[in-house]
1. Assuming Ser33 fulfils every condition listed in (1) more than 28 Å from Glu107 (Cα to Cα); (2) of a type in the set (S, T, N, Q); (3) modelled with pLDDT under 55 apart from one, which condition is it?
2. With Gly88, Gly134, Gly78 as the choices, which residue is of a type in the set (Gly, Ala, Ser), at positive phi and touching a strand residue (DSSP E or B) at 6+ places or on another chain (Cβ under 8 Å)?
3. How about the range 47-141: which helices (runs of 4 or more DSSP H) wholly inside it have at least 3 residues that are surrounded by fewer than 13 Cβ atoms within 10 Å (Cβ to Cβ)?
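The values are calculated or read from the model by the stated rules, or taken from the named source; none is laboratory data. Remember, predicted model here, so these are calculated numbers, not experimental data. So basically every Cβ, Gly included, is an ideal-geometry build from the backbone, and we count neighbours across all protein chains shown.
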Amino acid sequence: MESPDSPYASSPEAPPKRTSQPRSPGPDEKEKSTYVRFLVSNSEAGCIIGKGGTTITEFQSQSGARIQLSRNHEFFPGTSDRIIMISGAFQDIIKAMELILEKLLTEAEENLDADSRSKVRLVVPNSCCGGIIGKGGATIK
């Protein structure tokens, strides 16, 4: 569990992923957790949580990743967006992100307002920006 000072609201631990055969870590997966953070609006965060936390619990059980959101009215500095942090094995994180982005896209399509377009911002440490951009912008292009 997080400490009381943690900026993230607790979500239930993801139950073990159910597969037809036991999953063993590959050579690149050394029981090391990976973390991804991105930003969404308060209403989109509510959509991801779902009524009584059902959606986020379902996403965690389907992906095997842990999904945490910043508390209501605790925003990323300089924005009015909440932080979603996904942790776990790389493939589990990718699956969780697919589920979340698919849900946000579905909600945006159902809501026909032009102003209700979904925006998701990835939070990247300054030390990683050079690797994403690449020399002379080659990688990002």
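1. Unmet for Ser33, out of (1) more than 28 Å from Glu107 (Cα to Cα); (2) of a type in the set (S, T, N, Q); (3) modelled with pLDDT under 55: (3).
2. Gly88
3. Qualifying helices (runs of 4 or more DSSP H): 90-110, 126-133.
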